[in-house]
Amino acid sequence: MSRWRHLLHLALAVMLFVAASSRAHTQVVLDPTAEFFDGSVLHEVRLWINSRDWETLKTNFLSNAYYPADLQWNTAKVPNVGIRSRGNGSRSGFKPGLRVDIDRYASTQKFLGLKSFVLRNNTQDPSQMHEWLSMLFFKRMGLPASRETYARLFINNQYAGLYTIVESVDKSFLTRQFGEDSGYLFDYDYPADAAAYYFEDQTVTIEGTVVEFDFRMPHTWLHVQARDADGQLQRFSAEWANPARLRSDGMTAEHLKPGDVVRITGSPGRTPSERKIHLKRIERPADGWVWAGAGRGGQRR
């Protein structure tokens with residue numbers, strides 16, 4: 001009987017040792033960023049930045065210039081991080097997308113082990129769910145994908161909107177996904193020397209009649225019938241801002257209707273036969289309405 005009791009005690013001791021080892025191992029591999037990317041929580045991110053710097057960032061939203069700011073998430077605070085406007089077609093002076101570089105001004109500084117993350121503005125996606133769902137889909141397929149979750153962003157204690165926190169694809173990402181960060185990391189981008197689609201240093205003005213107002217993502221298009229340089233009646237297509245930006249100026253799909261006479265000023269396309277214009281200003285002489293850029297829409301003279 002004593003022999004069985006001894007074996008039972010020995011078995012219990014082994015089980016307790018294994019359980020304790022498992023707990024210790026779990027503590028070692030815990031990801032400090034897991035809570036930050038927890039998709040079951042609507043997070044709150046706060047940035048404090050000089051008010052003039054913030055206005056400059058919004059005014060020059062096409063620039064990649066960095067500005068110092070302080071970051072807070074829950075009780076975690078990180079001073080002197082770098083933020084800049086980011087994106088391609090999603091750039092906005094009304095709701096800027098932001099890149100947050102934790103180590104911009106202090107090379108050894110990190111936040112939960114992260115060197116950077118993105119605050120995506122989702123201005124080209126009214127649902128604000130397309131990319132978030134895509135990343136979940138990729139992960140379900142077993143493919144490497146950035147973690148994403150939602151957050152309310154506050155700038156200097158003022159609500160700036162709903163954003164998506166996006167994990168940067170960097171060495172931290174590679175280590176988490178592949179267990180190492182060496183090798184090559186490829187990123188697609190436009191060639192630095194690629195010619196712009198429009199002659200942005202040139203300006204043309206046409207006056208004609210609206211044929212169609214295509215108010216949809218990623219950019220709106222206004223199609224008008226107007227006379228070309230030879231006096232021939234032609235169909236011109238003017239590429240405008242994305243709908244989210246125009247809505248912030250109080251515009252809707254019903255704002256311009258077929259038959260409206262408009263005067264359009266913008267940059268001509270590089271292929272003359274396509275008769276495309278990058279719209280910078282539009283007027284409707286009938287009622288004096290003028291749009292002259294983001295944040296300056298819906299004016300009447």
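Only the coordinates and a few stated rules stand behind these numbers; no lab work does. Just so it is clear, the structure is predicted and the values come from calculations on it, not from any experiment. A quick note on method: Cβ atoms are made from the backbone with ideal geometry, for glycine too, and the neighbour counts reach across all protein chains shown.
Mean separation of Cα pairs under 8 Å and 6 or more residues apart, divided by the residue count, gives the range 43-178 a relative contact order of 23 percent.
As a length-normalised measure over Cα pairs under 8 Å and 6 or more apart, the relative contact order of the chain settles at 12 percent. Exposure proxy shown here: for THR59, THR108, the number of other Cβ atoms within 10 Å sets the order, fewest to most, as THR108, THR59. Neighbour counts of other Cβ atoms within 10 Å put MET251, MET217, MET141 in the fewest-to-most order MET141, MET217, MET251.
Going by C-beta contacts inside 10 Å, put LEU112, LEU153, LEU30, LEU42 in order with the fewest on the left. Lowest to highest Cβ neighbour count: LEU30, LEU42, LEU112, LEU153. Under a 5 Å amide H cut-off, with hydrogens placed 1.01 Å from N, SER116 pairs with ILE102 among residues at least 5 apart or on other chains.
Sort the range 43-178 into rounded, prolate or oblate with this rule: let a ≥ b ≥ c be the square roots of the eigenvalues of the Cα gyration tensor; rounded if a/c is under 1.5, and if a/c is not under 1.5, prolate when a/b is larger than b/c, oblate otherwise. Since a/c reaches 1.5 but b/c is at least a/b, the shape of the range 43-178 is classed as oblate. Pull up all non-local amide H partners of ALA160: gap of 5 or more, or a different chain, and H-to-H distance under 5 Å with H placed in the peptide plane. Under 5 Å from the amide H of ALA160: LEU153, PHE154, ILE155.
For the range 143-153, the Karplus equation 6.51 cos²θ - 1.76 cosθ + 1.60, evaluated at θ = phi - 60°, returns couplings of 9, x, 8, 5, 7, 9, 8, 9, 8, 8, 9 Hz by residue, with Gly and Pro reported as x. Helical content of the chain, expressed as a calculated mean residue ellipticity at 222 nm, amounts to -6500 deg cm²/dmol (DSSP H runs of 4 or more residues, -39,500 (n - 2.57) each, divided by residue number, nearest 500).
Taking amide hydrogens as placed 1.01 Å from N in the peptide plane, the amide H of THR220 sits under 5 Å from those of TRP240, ALA241, ASN242, each at least 5 positions away in sequence or on another chain. Note on LYS257: lysines with a C-alpha under 24 Å away, same-chain residues under 8 apart excluded, are LYS276, LYS280.
Residues of the chain were split at every exposed loop site, defined as GluC sites (Glu not before Pro) in a DSSP loop with at most 15 other C-beta atoms within 10 angstrom, and the longest piece left, sites excluded, is 36-179. Restricting the calculation to Cα atoms, the chain shows an Rg/Rh of 1.16 when the hydrodynamic-style radius is the Kirkwood one.
Quick one: grab the alpha carbon gyration tensor of the range 204-300, order the square roots of its eigenvalues as a ≥ b ≥ c, and give me rounded if a/c is under 1.5, else prolate or oblate depending on whether a/b is larger than b/c. Prolate is the answer for the range 204-300, as a/c is 1.5 or above and a/b outweighs b/c.
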